[in-house]
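The values are calculated or read from the model by the stated rules, or taken from the named source; none is laboratory data. Being a predicted model, the structure only gives us computed values, none of them experimental. Every residue, glycine among them, receives a Cβ derived from its backbone with ideal geometry; neighbour counts consider all protein chains shown. All accessible areas refer to the heavy atoms of the entire protein, side chains included, with ligands and DNA or RNA removed. Shrake-Rupley method; radii C 1.70, N 1.55, O 1.52, S 1.80 Å.
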Amino acid sequence: MASTLLKRASYSAMKSVAGGFQMGAQSRAYAAVAAGTDIVSAAPNVSLQKARTWDEGVSSNFATTPLKDIFKDKKVVIFGLPGAFTGVCSQQHVPSYKKQIDKFKAKGIDSVICVAVNDPYVMNGWANKLEATDAIEFYGDFDGSFHKSLELSKDLSGALLGPRSQRWSAYVVDGKVKVLNVEEVPSDFKVSGGDVILGQI
């Protein structure tokens, strides 16, 4: 049911991006971010919020993490998804990275990151429920500014989710995007999974 709603919510957007995706360095050319993009420059003055409890948020004075601290001098695999506690995200997307974490580390990846348009407290609860905190770093994009800057945002009001993000993945080296994969619709899980990007590194 949720998958059907996501497809309905994405229908109008699908018409404007007919032509689909291409396997390879970039799966769509209409985002602000693409292979070769400096992701920090593409989203200036944007920070993400590391998953945490409310009490941890208060004690940190609601600190955020600048993108340069996440990407500079690091090899990072990052994937974005429509939302915590939703179907494909919980059942397939996050597990596809969790189960491959040793292979990512063997390829020299410093961190595997999951980001969604959620607050960091929801992301924390979800990460714990999935028992994925030892393998994956979870960040919230509470106001969607990160995804908007990269033109990876998506209105999923039809699924009662409101402004969210595309389902996507990227391999980023020292802030430069080397690989970008974006699903045609957020309910799809064809190009953004851990197995796919592992083979692209």
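Only one entry in 179, 191 is part of a strand (DSSP E or B) and either open to solvent by less than 10 Å² (accessible area, probe 1.4 Å) or modelled with pLDDT of 85 or more (or both), namely 179.
Residue-wise test of (1) buried (at least 21 other Cβ atoms within 10 Å of the Cβ); (2) β-branched (Val, Ile, Thr); (3) at pLDDT 95 or above.
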site	(1), (2), (3)
86	yes, yes, no
89	yes, no, no
106	no, no, yes
112	yes, yes, yes
118	yes, no, no
129	no, no, no
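Identification of helices (runs of 4 or more DSSP H) wholly contained in the stretch 35-85 with 3 or more residues that are without any contact (Cβ under 8 Å) to a residue 40 or more places away in the chain yields 54-59. Just checking, does the stretch 163-185 include any residue being charged (D, E, K, R) and out of contact with any strand residue (DSSP E or B) (no Cβ under 9 Å at 6 or more places or on another chain)? Yes: the stretch 163-185 contains one or more residues that are charged (D, E, K, R) and out of contact with any strand residue (DSSP E or B) (no Cβ under 9 Å at 6 or more places or on another chain).
Does residue 89 satisfy the criteria of being closer than 19 Å to residue 139 by Cα, in contact with a Leu (Cβ under 6 Å, 6 or more places away or on another chain) and not in a loop (DSSP other than H, G, I, E, B)? For residue 89, the condition - closer than 19 Å to residue 139 by Cα, in contact with a Leu (Cβ under 6 Å, 6 or more places away or on another chain) and not in a loop (DSSP other than H, G, I, E, B) - is met.
Residue count for the stretch 19-51, restricted to those that are at pLDDT below 85 and in contact with a Ser or Thr (Cβ under 8 Å, 6 or more places away or on another chain): 2.
Residues that are under 21 Å from residue 47 (Cβ atoms) and of a type in the set (A, V, I, L, M) within the stretch 149-172 comprise 150, 152, 170, 172, listed in sequence order. Does residue 72 satisfy the criteria of being modelled with pLDDT under 95, in contact with a Gly (Cβ under 8 Å, 6 or more places away or on another chain), more than 12 Å from residue 179 (Cα to Cα) and open to solvent by 80 Å² or more (accessible area, probe 1.4 Å)? Considered against the rule, which asks whether it is modelled with pLDDT under 95, in contact with a Gly (Cβ under 8 Å, 6 or more places away or on another chain), more than 12 Å from residue 179 (Cα to Cα) and open to solvent by 80 Å² or more (accessible area, probe 1.4 Å), residue 72 comes out as yes.
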